[in-house]
Amino acid sequence: MSVIAPSITVETAEQYKSAVDRIHSFAQRVHIDVSDGEFAPTFLLGESQLWWPKEWQVDVHAMVARPSEHIPQIIALKPNLITFHVETAEDPLALLNLIKQSGIKAGVALLRTTVPSTVAEAIKQSDHVMIFSGELGKYGGTASLMQLEKVRLIRAINPEVEIGWDGGVNAENAYTLTQGGVDVLNTGSAIASAADPEGTYQILVKEINKHGVI
């Protein structure tokens, strides 16, 4: 069953607290972005300032050029999942192993231009593969539905892997993404910018759980 994971993409501790407060009452699984201002063009709140309600299931998305410099601190926070970009210059297999050894799920994120077959070994070793269709380091990306073809390609490499989507998730495309095989729909501005965040979340949950009519 697919899930909606509200995303937190902020630059300051004050913005972070506000974002947590907005979704605390209804969020269950949450996607938190960190960025070093190098891999992604925006400096986001660093892992040293992260915290979250104990009942949350948190996935941390590290948009950083050198994941090895950030992963140990993220591991100490004990999230559900740590995802880093396979396009960095570091060895993805070593990073995945480091995360898994700590008892935390490990995943890789693929930018739009990355073809799954070119990173097959990393996909084989991952618990989660995130198809990134957004804009690095900020809300408001577009869901390029052509990227859904990657779901089939990823499953051909690792049939059991959980597949996430980041970028442009909204009520108009959530059902299509779910039907396309996406397990985790990381949702940024659709919830973060909504006048009624909980209402929007519930609409999205309803969309991904509806049954198609043939």
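The values are calculated or read from the model by the stated rules, or taken from the named source; none is laboratory data. Everything numeric in this text was worked out from a predicted model, so none of it was measured. With ideal geometry, Cβ positions are generated from the backbone for all residues, glycine too; neighbour counts draw on all protein chains shown.
Considering each residue of the stretch 80-110, count those that are among the β-branched types (Val, Ile, Thr), assigned to a strand (DSSP E or B) and in contact with a helix residue (DSSP H, G or I) (Cβ under 7 Å, 6 or more places away or on another chain), and give that number. First the steps, then the outcome.
Step one: of the stretch 80-110, the residues among the β-branched types (Val, Ile, Thr) are 82-83, 86, 88, 99, 104, 108.
So of that shortlist, the ones also assigned to a strand (DSSP E or B) come out as 82-83, 108.
Those still in the list that are in contact with a helix residue (DSSP H, G or I) (Cβ under 7 Å, 6 or more places away or on another chain) too: 82, 108.
Residues that pass the stated criteria total 2.
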Are any residues in the stretch 38-53 assigned to a loop (DSSP other than H, G, I, E, B), under 18 Å from Ala13 (Cα atoms) and free of Cβ contacts under 8 Å to residues at least 60 places away in the same chain, and if so, which ones? Leu45, Gly46, Leu50, Trp51, Trp52, Pro53
Counted residues, the stretch 1-37 - those being touching a residue at least 60 places away in the same chain (Cβ under 8 Å) and among the aromatic types (Phe, Trp, Tyr): 1
Contact list please: Cβ distance under 7 Å, first residue in the stretch 124-146 and of a type in the set (Lys, Arg) and assigned to a loop (DSSP other than H, G, I, E, B), second residue modelled with pLDDT of 65 or more and surrounded by fewer than 19 Cβ atoms within 10 Å (Cβ to Cβ), pairs at least six apart or on different chains. Lys138/Thr42
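Out of Val64, Val60, Val108, report the one residue that is within 21 Å of Ser189 (Cα to Cα) and of a type in the set (Val, Ile, Thr). Before you say what the answer is, go through the steps one by one.
Numbers: Val64 fails: within 21 Å of Ser189 (Cα to Cα); Val108 fails: within 21 Å of Ser189 (Cα to Cα).
Being within 21 Å of Ser189 (Cα to Cα) and of a type in the set (Val, Ile, Thr) holds for just one of Val64, Val60, Val108, which is Val60.
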Is there a residue being over 25 Å from Leu98 (Cα atoms) and surrounded by 14 or more Cβ atoms within 10 Å (Cβ to Cβ) anywhere in the stretch 48-63? no
Just a yes or no: is a residue in the stretch 90-98 surrounded by fewer than 17 Cβ atoms within 10 Å (Cβ to Cβ), under 18 Å from the mean Cα position of the chain (by Cα) and either among the polar types (S, T, N, Q) or within 20 Å of Pro159 (Cβ to Cβ) (or both)? no
